[in-house]
1. Could we say that Asp181 is surrounded by fewer than 21 Cβ atoms within 10 Å (Cβ to Cβ), within 23 Å of Gly76 (Cβ to Cβ) and in contact (Cβ under 8 Å) with a residue 24 or more places away in the chain here?
2. Of the residues Pro206, Pro156, Pro152, which is within 29 Å of Gly77 (Cα to Cα), more than 15 Å from the chain's Cα centre (by Cα) and not acidic (Asp, Glu)?
3. Would you call Val118 at pLDDT below 80, more than 25 Å from Ala195 (Cα to Cα), part of a loop (DSSP other than H, G, I, E, B) and of a type in the set (Val, Ile, Thr)?
4. Look through segment 28-48, keep the residues that are without any contact (Cβ under 8 Å) to a residue 40 or more places away in the chain and part of a loop (DSSP other than H, G, I, E, B), and return whichever of them is surrounded by the fewest Cβ atoms within 10 Å (Cβ to Cβ).
5. Across segment 184-206, which residue is farthest from Gly98 (Cα to Cα) among those that are out of contact with any strand residue (DSSP E or B) (no Cβ under 9 Å at 6 or more places or on another chain) and not in a helix (DSSP H, G or I)?
6. Could you list all residues from segment 78-98 that are on the phi < 0 side of the Ramachandran plot, modelled with pLDDT under 90 and out of contact with any Lys or Arg (no Cβ under 7 Å at 6 or more places or on another chain)?
7. Only one residue in Asp51, Asp92 is part of a strand (DSSP E or B) and of a type in the set (D, E, K, R), so which one is that?
Amino acid sequence: MRRLLIVLGLLLLGGCNMVVTKTPLFAKSDTAGVPQLRPGVWIEQSGKPCDVDVSKPLADWPDCAKGAIVLDGKLGGYNVDANGKKTWTTTDLLMVGGAPRVMQVQMQDLDVKGLGDVPLGPMYLYMAVRPTKTDESGRITAYTAWPVLCGPPPPPDVKTPAGGTRSGTLQPLQGLTMDSDDNNCTTTSQGAVRAAAGASEKWTPPDTLSVEHWVRDGDR
């Protein structure tokens, strides 16, 4: 799910220090009354030039274009294997209220190292979302997002119990528990995730923020 990871702005995943849960903390009922992402084709703003015709099907977009489809509570994109073959893949997406809002994303079948004792799928990751534009119906058409972190990043010279470089915070926020590798954290508290979402913005470098916007209707 390489393309989906890029689209969601989860480039810090390899660096860890993120809130990860084995089961979802939020349910569909938590989205009641909360404006959602406008269905259709979305693209992530990129700092590098990319010649893409967004009117074409997503499958025809070049690799430099970071696109996805939002539809019926799911995020869809193309998983590209080592041979360049594209396979359509979807994952569940929930947007719940708050300031900032919280996006819960189900991830599975990931080839990602550094997630400690949290199993690789299914699992749930969390993004803080600040809407920046809406349409006439109140649906979100642009937003800025960042990962929900466990706490402030550790100093670069701190080691894990096994002697490796520690990625997880030394000061987990209230309600968050570090994993056995001290690289990520987990919780059973919605409130802890909401509080961490707001706090995490100041620990996220500006050039790693995910800036997304809707470009057109469509399911491909």
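The values are calculated or read from the model by the stated rules, or taken from the named source; none is laboratory data. Owing to the predicted nature of the structure, the values given are computational and were not obtained by experimental measurement. Note that we place each Cβ from the backbone using ideal geometry, even for glycine, and neighbour counts take in every protein chain shown.
1. So Asp181 fails the test.
2. Pro206
3. no
4. Of everything passing the filter in segment 28-48, Lys48 is surrounded by the fewest Cβ atoms within 10 Å (Cβ to Cβ).
5. Only one residue tops the list, namely Pro205.
6. Hits for segment 78-98 are Asp81, Ala82, Asn83, Lys85, Lys86, Thr87, Trp88, Thr89.
7. Only one candidate passes the filter, namely Asp92.
A quick yes/no check of all residues on (1) in contact (Cβ under 8 Å) with a residue 60 or more places away in the chain; (2) assigned to a loop (DSSP other than H, G, I, E, B):
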position: Tyr143; (1), (2): yes, no
position: Trp146; (1), (2): yes, no
position: Pro153; (1), (2): yes, yes
position: Pro161; (1), (2): no, yes
position: Pro172; (1), (2): no, yes
